[in-house]
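First up is the structure itself, then whatever we jot down about it.
The values are calculated or read from the model by the stated rules, or taken from the named source; none is laboratory data. Source: prediction; values computed, not measured. For neighbour counting, all protein chains shown are included, and Cβ atoms are generated from backbone atoms with ideal geometry for every residue, glycine included. For the accessible areas, the whole protein counts, side chains as well, though only heavy atoms, and no ligand, DNA or RNA atoms are used. Shrake-Rupley method; radii C 1.70, N 1.55, O 1.52, S 1.80 Å.
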Amino acid sequence: MEKNKYKKLAGNTLLFAIANFGTKLISFLLVPLYTYTLTKAEYGIVDLILTTISMLSPIFALSIADAVFRYSMDENEVSSALTNGLLITFLGSLVVLVITPIFSLFKIPFPLLFSNSLVLSLFVGLLQNYARAAGFEKSFAWSGVVSGLVISVANIVFLVRFKMGVKGYMLSTILAYNCVVLYLFLSLKLWKKIDISSISVKKIKKYLQYSIPLIPNAFSWWFTNDANRYFILFFVGASGNGLYAVANKLPSLLNMIYNIFSQAWQMSAVEEFESKDGKFYSSILNWSVYILLVISCTLLAFIKIFMHYFVAPSYYDSWKFVSFLLLAAIFSNISAFLGTIFLAAKETKSILSTTFLGMITNLIFNLILIPIFGVNGAGIGSGLGFMIVSIVRLIIVNKRYVKISIDQDLLIPCISFVLIMIINFIVGSELLKLNIIMNCGIVILTIIMFIVRIYKQFKVNRSHKSKTV
């Protein structure tokens, strides 16, 4: 039984890795294309457009995709959750289309394309959440591959061949969203899954009671994670946003790696919640955070060389902003892990309150630090915001739901290594060779710790197995 928990989590993680490879990883690999075809200001605008869509999506969809995911895991709710979720999403989409002229008042470029992207993102989010929860993991995974292939080809055509800039990027996104929706509609055979008779005010109310508290939570999370772009735009300018967008690609890669696991973990967290198995939760948290720290150390060790070959020369200085953003990403993923436990408990109000606390912290530090440290102030502010959210959520989870033990002997040294590397960047940024030698030494040390840890765990498991026999 114990092995089955980990085996199922590993299997789902592999499937979701395929899905994320098709979207986020390909998006990361396209960064060189973007930096050579878009100016820093244009890339900054593109990043702001995507950020704004992610902010508005839960508002217009009422975060119903989260309710569809959670209730689709209950066998007697699958068709009902999907049907009522589609209805709410359709009504939200109508509102978006009606208010499209308002977007131009806020100086959003290509408002009609923007509203189309927003509408399609609502349906993509809903259908992917349904596929993931209702047992169609392979369809979910392949939807990511479809998205990645379409957006790759479309970007080459619109940005390289026709040199359409921001408009070309938005058209590529719309085309990819359309293909994903069509693929999922056919793959899931949605016409057989939709049950009109299940639509009722009572059920809609139940789903919205779960999802509506997640709207301000999503906004607060967005504010903690993404709103710093607007502060950078105000204090530094659009070019600063372009550098920040490129610098944030490596932390985004870290987030992508974690999100692959997180999508599988959400399912395991729901299925295993009633067992209150603190050992299982603690083991998964400690290992996932440790792996994130090892990856962060590795990325920091080679960031200058990587940026030299990966982006256009005008974007090279973005390496200076990566270190604090990586630290913010680590704490972001810790807080997301703990937030999944609240979702499993259907306790969405606790998610809202803790995320709101992080938002306020991030707002205060952004206002203070960005004028002083420029783009780096955004990374520091985000890191502090997510760190506070992680600490508070851990306290609440341990008090109310399940006891999670932090492996201090493992995590504290690794976090210290990351901090040493950040200090190394700040103090000795001009000593390239010395930086590389020192950082490589830290990476080797963390890998040795990783190997020793696995060996010790293997000995413990073997000893336990022999005693059982």
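Quick notes on this one:
- Three-way shape call for the stretch 30-113 based on the alpha-carbon gyration tensor, with the a/c threshold at 1.5: oblate
- The accessible area of GLU271, taken with all protein chains in place and a 1.4 Å probe, comes to roughly 90 Å².
- Carbon plus sulfur fraction of accessible area for the stretch 239-363, probe 1.4 Å, in percent: 65
- Couplings for the stretch 78-95, taken from phi via the Karplus curve 6.51 cos²θ - 1.76 cosθ + 1.60 with θ = phi - 60°, read 4, 5, 5, 5, 5, 5, 5, x, 5, 4, 5, 5, 4, 5, x, 5, 4, 4 Hz in order; Gly and Pro are left as x.
- Extension reserve of the VAL157-TYR316 stretch, reckoned as 0.36 nm per residue once the Cα distance is removed: 54.7 nm
- Local charge for SER350 was computed over the other residues whose Cβ lies under 10 Å away, with Lys and Arg +1 and Asp and Glu -1, and equals +2.
- The stretch 117-232 - percent relative contact order, Cα under 8 Å, separation 6 or more: 28
- Carbon plus sulfur fraction of accessible area for the stretch 15-166, probe 1.4 Å, in percent: 73
- Here the average projected area of the convex hull drawn through the C-alpha atoms of the stretch 67-222 stands at 10.2 nm².
- A 1.4 Å probe over all protein chains sorts ASP409, ASP47, ASP317, ASP74 by accessible area into ASP409, ASP317, ASP74, ASP47, starting with the largest.
- Added length on full extension, which subtracts the Cα-Cα distance from 0.36 nm per residue, GLN209 to THR39: 56.8 nm
- Scattering profile of the stretch 127-215 at q = 0.16 Å⁻¹ [log10 I(q)/I(0), Debye over alpha-carbon scatterers]: -0.80
- When each of LYS304/LYS403; LYS107/LYS192; LYS138/LYS203; LYS189/LYS279; LYS167/LYS189 is checked by Cα-Cα distance, pairs over 31 Å: LYS304/LYS403; LYS107/LYS192; LYS189/LYS279; LYS167/LYS189
- In sequence order, calculated HN-Hα J values of the stretch 154-163 (Karplus, 6.51, -1.76, 1.60; Hz; x Gly/Pro): 5, 5, 4, 5, 6, 8, 8, 6, 9, 6
- What the stretch 74-196 shows is 47 Å² of accessible area per residue, with the surface traced by a 1.4 Å probe over protein heavy atoms.
- Segment LYS349-SER416, extension gain: residue separation times 0.36 nm, minus the distance between their alpha carbons: 20.8 nm
- Remark: the stretch 141-147, residue by residue, has Karplus-estimated 3J(HN,Hα) of 4, 5, 4, x, 5, 4, 4 Hz, where x stands for each Gly or Pro and the curve is 6.51 cos²θ - 1.76 cosθ + 1.60 at θ = phi - 60°.
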